[in-house]
Amino acid sequence: MPGMVLFGRRWAIASDDLVFPGVFELFVRVLWWVGILTLYLVHRGKLDCPGGVLLSSYLIVLIILLAVIICTVSAIVCVSMKGTICNPGPRKSMPKLLYVRLALFLPEMVWASLGAAWIEDGFQCDRTVGNGIIATVVVRTQTWCPATLRPGSLFSTSSRTASGTPRSLTRWSAVPQGPPSCRSRTTDYDLVGGDQLNCHFGSILQTTGLQYRDFIHVSFHDKVYELPFLVALDHRKESVVVAVRGTMSLQDILTDLSAESEPLDLECEVQDCWAHKGISQAARYVYRRLINDGILSQAFSIAPEYRLVVVGHSLGAGAAALLSIMLRTPYPRVRCYAFSPPRGLLSKSLYEYSKTFIVSLVLGKDVIPRLSVANLEDLKRRILRVIAHCNKPKYKILLRGCWYELFGGHPEDLPTELDGGDLTQPLLGERSLLAHGSPAYSFSSDSPLGSPTKYPHLYPPGRIIHLEEVGTSRRFSCYAAAQYSVKWSHESEFSKILIGPKMLTDHMPDILMRALDSVVSGRAACVSCPTQGGSSVDVA
């Protein structure tokens with residue numbers, strides 16, 4: 001739906017974007033018109049004061065002017081409801097209506113100015129009528145920029161996981177708020193970066209419940225391809241825990257966006273080792289710090305019998321998974337728990353290799369474990385198919401979406417997938433892509449990207465535990481504890497991006513932690529789930 005052309009310029013709003021703002025303005029105008037009409041009919045017998053004839057004429061013209069504006073706005077709303085997203089033909093009269101609406105601004109401003117001048121000169125008529133004129137001037141001032149013409153836009157705490165790892169370490173991607181008090185002290189651990197008062201580290205202490213002596217190394221150093229991480233001792237589970245932070249800064253976003261693939265040089269019998277470039281660079285940085293700087297050697301010199309556990313969330317989960325693959329040779333007992341990792345991470349061979357020592361946890365319709373370059377292209381094609389073949393106007397689609405969000409239930413029979421057929425009505429930039437044969441776009445190909453070396457099909461790490469909320473159609477259940485089902489899932493279940501109201505919130509660390517709390521408290525931990533393919537992963 002291209003933007004409307006007014007005054008020789010294409011604007012950011014389309015002709016079917018004016019339904020809701022138009023209805024809002026219509027509601028205000030009708031209330032205003034009814035109020036002025038009632039004021040005139042009730043008090044017209046009291047307008048025999050000095051200047052009463054002029055005041056009566058003012059109200060009559062105001063009533064007529066408001067009626068014309070109401071009719072014009074009603075026509076704008078009715079025309080904006082016509083057609084579909086890809087069929088703006090029934091709305092071709094919209095520019096003319098908007099020109100008429102704009103032309104009505106001039107008499108509206110003139111009449112508001114006359115009302116303001118009349119009030120300023122004082123009046124001797126009925127006080128109620130005077131107050132009505134004042135209200136008229138004020139309301140008109142607020143509606144000079146009508147809604148129909150305003151561009152708008154449309155479209156981690158205590159306890160432990162099933163792994164025994166301090167659960168708060170897995171939510172380090174969301175740095176907690178500062179603790180009640182921050183203090184500086186002589187540290188007996190390695191601390192890189194952070195603030196001068198050690199408030200950042202104090203937040204970690206308060207969130208995890210660990211002691212100073214439990215930390216071996218804490219790094220807040222944050223650059224592109226260089227993520228913050230920490231190394232701590234979990235004495236309860238006898239583990240050396242490496243926790244990698246997720247996306248929290250612009251530098252981290254740039255690391256995420258480096259979505260090209262690059263080969264990994266690993267000391268293992270795995271062929272075709274490819275991974276997400278930005279995340280693999282971040283994992284190499286942490287690996288060099290752990291090995292070359294002797295951080296892990298220091299940790300295991302303190303607790304030589306402990307095993308190595310690597311955890312992370314989101315970007316940190318992807319880096320933790322690749323880091324555990326790199327550490328697999330020197331530390332064969334390494335285990336990785338990746339919370340909400342990105343999908344576009346590992347090649348097929350590395351994905352199969354990682355199943356024996358990596359476990360990923362995914363909540364609901366979380367978009368990140370379904371996110372990859374190939375899946376984004378697939379989502380774009382599916383959206384274009386639906387838009388091109390949709391026979392519903394935009395306002396109905398938005399209303400049904402709001403109804404589903406507020407009251408739940410099942411979406412009505414609107415098209416979400418189309419079997420076969422090409423896109424017959426390309427939109428905006430898609431027309432030029434098809435015409436010029438862009439190598440980055442292929443509508444019918446299973447692989448939408450023209451360079452398989454640069455963008456091969458990538459997979460999430462390890463075996464996947466999927467937590468799904470039971471009874472997701474409920475709304476307004478703020479005080480009802482959510483219940484979750486838990487199962488082992490195949491990576492193919494995350495091969496498409498799902499659009500839903502929780503696709504972003506399911507990725508948040510606090511939401512994931514509440515879901516894990518519910519699972520653990522309900523004694524539904526995944527240690528009782530059957531394994532797939534005969535592989536065995538120690539998740540206890």
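Looking at region 210-278, what strands (runs of 3 or more DSSP E) fall wholly within it and have at least 1 residues that are open to solvent by 50 Å² or more (accessible area, probe 1.4 Å) and modelled with pLDDT under 90?
261-263, 274-276
With the requirement that a residue be open to solvent by 20 Å² or more (accessible area, probe 1.4 Å) and touching a Pro at 6+ places or on another chain (Cβ under 9 Å), what does region 279-298 give you?
Once the filter is applied, which keeps residues that are open to solvent by 20 Å² or more (accessible area, probe 1.4 Å) and touching a Pro at 6+ places or on another chain (Cβ under 9 Å), region 279-298 yields only ILE291.
Might you check whether a residue that is farther than 19 Å from LEU398 by Cα, open to solvent by less than 60 Å² (accessible area, probe 1.4 Å) and either assigned to a helix (DSSP H, G or I) or touching a Ser or Thr at 6+ places or on another chain (Cβ under 6 Å) (or both) occurs anywhere in region 8-20? If you could, list the steps in order and put the result at the bottom.
First, pick out the residues of region 8-20 that are farther than 19 Å from LEU398 by Cα: 8-11.
Filter again for open to solvent by less than 60 Å² (accessible area, probe 1.4 Å), leaving none.
Within region 8-20, none of the residues are farther than 19 Å from LEU398 by Cα, open to solvent by less than 60 Å² (accessible area, probe 1.4 Å) and either assigned to a helix (DSSP H, G or I) or touching a Ser or Thr at 6+ places or on another chain (Cβ under 6 Å) (or both).
For region 484-502, which positions are in contact with an Asp or Glu (Cβ under 7 Å, 6 or more places away or on another chain) and either open to solvent by less than 70 Å² (accessible area, probe 1.4 Å) or modelled with pLDDT under 85 (or both)? Explain how you work it out, then say what you get.
Looking only at region 484-502, we keep the residues that are in contact with an Asp or Glu (Cβ under 7 Å, 6 or more places away or on another chain), and these are 484-485, 496, 501.
If the condition is that a residue be in contact with an Asp or Glu (Cβ under 7 Å, 6 or more places away or on another chain) and either open to solvent by less than 70 Å² (accessible area, probe 1.4 Å) or modelled with pLDDT under 85 (or both), then TYR484, SER485, PRO501 are the ones that fit.
If you take the residues of region 360-385 that are of a type in the set (Val, Ile, Thr) and buried (at least 16 other Cβ atoms within 10 Å of the Cβ), which of them is farthest from MET513 (Cα to Cα)?
Within region 360-385, the subset of a type in the set (Val, Ile, Thr) is 362, 367-368, 373, 383.
With the extra rule that they be buried (at least 16 other Cβ atoms within 10 Å of the Cβ), the set shrinks to 362, 367-368, 373.
Details: VAL362: 11, VAL367: 17, ILE368: 16, VAL373: 28 Å.
Ranking the candidates gives VAL373 first.
Condition test on LEU350, is it open to solvent by 30 Å² or more (accessible area, probe 1.4 Å) and part of a helix (DSSP H, G or I)? Before the answer, list the steps.
On the way: open to solvent by 30 Å² or more (accessible area, probe 1.4 Å): no; part of a helix (DSSP H, G or I): yes.
Against the criterion (open to solvent by 30 Å² or more (accessible area, probe 1.4 Å) and part of a helix (DSSP H, G or I)), LEU350 does not qualify.
Identify, from the list LEU26, LEU66, the residue that is surrounded by 15 or more Cβ atoms within 10 Å (Cβ to Cβ) and under 19 Å from TYR395 (Cα atoms). Working first, answer last.
Values: LEU66 fails: under 19 Å from TYR395 (Cα atoms).
Matching residue, one of LEU26, LEU66: LEU26.
Give the residues of region 397-422 that are open to solvent by 80 Å² or more (accessible area, probe 1.4 Å) and modelled with pLDDT of 60 or more, sorted by residue number. Spell out how you get there, then give the answer.
Filtering region 397-422 down to residues open to solvent by 80 Å² or more (accessible area, probe 1.4 Å) leaves 399, 403, 405-407, 410-413, 416-417, 419, 422.
Within region 397-422, LEU399, TRP403, GLU405, LEU406, PHE407 qualify.
Could you please find all residues in region 329-346 being surrounded by 22 or more Cβ atoms within 10 Å (Cβ to Cβ), out of contact with any Lys or Arg (no Cβ under 6 Å at 6 or more places or on another chain) and not in a strand (DSSP E or B)? Can you show your working first?
The initial filter retains those residues of region 329-346 that are surrounded by 22 or more Cβ atoms within 10 Å (Cβ to Cβ), namely 335-346.
If we keep only those that are out of contact with any Lys or Arg (no Cβ under 6 Å at 6 or more places or on another chain) as well, we get 335-342, 344-346.
SER340, PRO341, PRO342, GLY344, LEU345 - these are the residues of region 329-346 that are surrounded by 22 or more Cβ atoms within 10 Å (Cβ to Cβ), out of contact with any Lys or Arg (no Cβ under 6 Å at 6 or more places or on another chain) and not in a strand (DSSP E or B).
Residues in region 301-323 that are surrounded by fewer than 16 Cβ atoms within 10 Å (Cβ to Cβ), assigned to a helix (DSSP H, G or I) and not β-branched (Val, Ile, Thr): how many? So that I can check it myself, show each step before the final result.
Start the filter on region 301-323 by keeping residues that are surrounded by fewer than 16 Cβ atoms within 10 Å (Cβ to Cβ), which leaves 301-305.
Add one more test, that the residue is assigned to a helix (DSSP H, G or I), and what stays is 301-302.
If we keep only those that are not β-branched (Val, Ile, Thr) too, we end up with 301.
Selection size over region 301-323: 1.
The values are calculated or read from the model by the stated rules, or taken from the named source; none is laboratory data. Because the structure is predicted, anything quoted here is derived from the model rather than measured. Cβ coordinates were reconstructed from backbone atoms using ideal geometry, including for glycine residues, and neighbour counts include every protein chain displayed. Ligands, DNA and RNA are stripped out before the accessible areas are found, and what is left, the full protein with its side chains, is counted by its heavy atoms. Shrake-Rupley method; radii C 1.70, N 1.55, O 1.52, S 1.80 Å.
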